[in-house]
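Structure first, commentary second.
The values are calculated or read from the model by the stated rules, or taken from the named source; none is laboratory data. What you are looking at is a predicted structure, and each value in this text was computed from that prediction instead of being measured. Using ideal geometry, Cβ is built from the backbone for each residue, glycine included, and neighbour counts are taken over all protein chains shown.
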Amino acid sequence: MIVKPKIRGFVCVTAHPKGCEARVRQEVEVAKAARKDGGPKNVLVIGASTGYGLSTRIAAAFGYDAATLGVFFERPSLKGKPASAGWYNSVAFEKVAAEAGLYAKSINGDAFSNEVKAQAIETIKQDLGQVDLVVYSLASPRRTDPETGETYKSCLKPIGESFTNRTLDTDKNEVAEVMIEPAEGDDVAHTIKVMGGEDWELWMQALNEAGVLAPGAKSVAYSYIGPECTWPVYTNGTIGAAKKDVERAAQAITSTYDCQAYVAVNKAVVTQASSAIPVVPLYISILFKIMKEKGTHEDCIEQMVRLLNERLYAADLQLDDEGRIRVDDWEMAPEVQAAVEKIWPEISTETLNQQADYVGYQQNFLALFGFGLPGVDYEEDVEVDLPLPSAS
C-alpha cells in the first residue's frame, strides 16, 4: 500500500516501513562514526523501540559491537494496516544488526509483567549468559501491577495549583495559551506507580536472582529537568514526582546489587512522549533554533553516543550534586537558556518560523514515524506486514 502520514493531535497513526528503516540506518551511521573500545558487550534495553531506548540500543550495538536484547510493546501490522513506528524500527534494527553480524533479539510484550521478565531472563541465559548493561527506558501511560493485577494510569498535571503558560498548538500551527488543572486524588501516586522506579527495581531484582546480571554491571534510566517554564507541568508536576522516585530506585539498586545504577538527565528532543507535553513543543522549537545556530544541537542518537562514550564508559561520569549524569549540559548552558528566555515572551504565531525552528520540529516529528526521510519514495507501494523474526 502507499502509506501517508495521518496525524491525530500529537500522534501519527500511520508509520512508513522504509522510512523507519532509513531513519534507523541514519542513526547507525552516527554510532559507527563514534566507535570506541571498552564499552558494554551484552545489553538489555527495556523500552527499545523508539526514542532514547532505541538510540541507546543502536549506540551500544554499532558503537561497541554489543549484543542486544530489546523489550518493547508494539503493534504489528493488522488487516493490511501499517504497524506502529516502533515495530518497524525494531524490524529495521534487527535487519541492520544481522547485516553487521551482531546478535539482536527482541521480545514484544508487556515489560511490566512477570512473564516478559522471565522470557528475557531465559533468553539471556541461553544466548548471552549475563548482561553487563541494563537500560530502562519505558514510557507507558498505564501499568498493571503483576502481583495485585490492579491497573494504574499516569497523568501529566501540575501539583497544588493549575498552570497556565504559552504552548504550541501543532494542529493549528499557532502559539496559544494552555491551562492545566492540578492533580487530584490518587493522580500523583498512580503516576509514580506507572512512571516511577518500582518496575526498574523489579527488573534488577529478577535479573540478579536469576544470576544473569554480570558482576559490576551498569544500569541507566532516563529523566529530564528542563527550564523553569516547564517545571510546573513536568519537574514539579506528577511526572516529576515519578522521576524523583526513579532517582530513589537508582540509589536502592546500587546499594543492593553489584551494579552501578544511574539516572541520566537528557536533552529535550522530539519524541512521541515529549510531543504530548503542553509547553514543551514550543520550548523545543525555540531551543532547536538556538542550539543549531551555536552548533550544539543533538538528537537522540548523538545524546546516547555521548552518554556511553563520554559518561558511562569514560573515566569521569561528571555527576551533578544529586548523583545524576547530565547530558543535558549543552541545553542548559546559561547562554542557551538566556536566549530562550529572551524569545519566550516575544514569540507569536506570526513570528513562529523566524524566532523558532518550527519547521525542524515538524520534520523531527514526522521522522519519528518514518516520513520525510531522504531517499525514500513515498509514492511507492510498500509491504506493510513485516515480520520481526525474533519477537514473540
In the stretch 38-54, is there at least one residue being more than 19 Å from residue 327 (Cβ to Cβ), assigned to a loop (DSSP other than H, G, I, E, B), of a type in the set (Lys, Arg) and at pLDDT 95 or above?
yes
For the stretch 278-311, which residues satisfy the criterion of being in contact with a Cys (Cβ under 7 Å, 6 or more places away or on another chain) and assigned to a helix (DSSP H, G or I)?
283
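Table: residues versus (1) hydrophobic (A, V, I, L, M, F, W, C); (2) closer than 30 Å to residue 122 by Cβ; (3) assigned to a loop (DSSP other than H, G, I, E, B); (4) free of Cβ contacts under 8 Å to residues at least 24 places away in the same chain.
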{"position": "179", "(1), (2), (3), (4)": "yes, no, no, yes"}
{"position": "194", "(1), (2), (3), (4)": "yes, yes, no, no"}
{"position": "201", "(1), (2), (3), (4)": "no, yes, no, no"}
{"position": "208", "(1), (2), (3), (4)": "no, yes, no, no"}
{"position": "217", "(1), (2), (3), (4)": "yes, yes, no, no"}
{"position": "220", "(1), (2), (3), (4)": "yes, yes, no, no"}
Those residues of the stretch 352-392 which are over 23 Å from the mean Cα position of the chain (by Cα), among the hydrophobic types (A, V, I, L, M, F, W, C) and part of a helix (DSSP H, G or I) amount to 352
I'd like to check something: does the stretch 76-96 contain any residue that is in contact with a helix residue (DSSP H, G or I) (Cβ under 7 Å, 6 or more places away or on another chain), assigned to a loop (DSSP other than H, G, I, E, B), surrounded by fewer than 24 Cβ atoms within 10 Å (Cβ to Cβ) and in contact (Cβ under 8 Å) with a residue 12 or more places away in the chain?
yes
Does the stretch 241-272 hold any residues that are under 15 Å from residue 225 (Cβ atoms) and among the polar types (S, T, N, Q), and which are they?
266
Which numbered condition residue 126 misses (of (1) of a type in the set (S, T, N, Q); (2) on the phi > 0 side of the Ramachandran plot; (3) without any contact (Cβ under 8 Å) to a residue 60 or more places away in the chain)
(2)
If you scan the stretch 113-132, which residues turn out to be of a type in the set (Ser, Thr, Tyr) and either in a loop (DSSP other than H, G, I, E, B) or buried (at least 20 other Cβ atoms within 10 Å of the Cβ) (or both)?
113
Could you tell me whether the stretch 133-141 includes any residue that is of a type outside the set (S, T, N, Q), at negative phi and surrounded by fewer than 18 Cβ atoms within 10 Å (Cβ to Cβ)?
yes
Looking at 232, 182, which is the one that is modelled with pLDDT under 95, touching a Pro at 6+ places or on another chain (Cβ under 7 Å) and surrounded by fewer than 18 Cβ atoms within 10 Å (Cβ to Cβ)?
182
Tell me which of these residue 150 doesn't satisfy, since it passes every other one: (1) modelled with pLDDT of 95 or more; (2) in contact with a helix residue (DSSP H, G or I) (Cβ under 7 Å, 6 or more places away or on another chain); (3) surrounded by fewer than 20 Cβ atoms within 10 Å (Cβ to Cβ); (4) of a type outside the set (Ser, Thr, Tyr).
(2)
Only unsatisfied item for residue 125, checking (1) within 29 Å of residue 21 (Cβ to Cβ); (2) modelled with pLDDT of 95 or more, is (1)
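Can you pull out every residue in the stretch 1-37 that is assigned to a loop (DSSP other than H, G, I, E, B) and of a type in the set (Val, Ile, Thr)? Give the derivation first.
Within the stretch 1-37, the first condition is being assigned to a loop (DSSP other than H, G, I, E, B), and the residues that meet it are 1-6, 9-10, 13-16, 34-37.
Across the stretch 1-37, the qualifying residues are 2, 3, 13, 14.
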Report yes if some residue within the stretch 202-212 is buried (at least 24 other Cβ atoms within 10 Å of the Cβ), farther than 29 Å from residue 364 by Cβ and within 19 Å of the chain's Cα centre (by Cα); otherwise report no.
yes
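Out of 249, 314, 241, 339, which single residue is free of Cβ contacts under 8 Å to residues at least 60 places away in the same chain, surrounded by fewer than 20 Cβ atoms within 10 Å (Cβ to Cβ) and part of a helix (DSSP H, G or I)? So that I can check it myself, show each step before the final result.
Working: 249 fails: surrounded by fewer than 20 Cβ atoms within 10 Å (Cβ to Cβ); 314 fails: part of a helix (DSSP H, G or I); 241 fails: free of Cβ contacts under 8 Å to residues at least 60 places away in the same chain.
Exactly one residue qualifies, and that residue is 339.
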Quickly run through the stretch 342-367 and pick out the residues that are without any contact (Cβ under 8 Å) to a residue 24 or more places away in the chain and among the hydroxyl-bearing types (Ser, Thr, Tyr).
351
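Can you pull out the residues in the stretch 122-169 that are charged (D, E, K, R) and over 15 Å from residue 189 (Cβ atoms)?
Initial filter on the stretch 122-169 (charged (D, E, K, R)): 122, 125, 127, 132, 142-143, 145, 147, 150, 153, 157, 161, 166, 169.
122, 125, 127, 132, 147, 161, 166, 169, listed by residue number.
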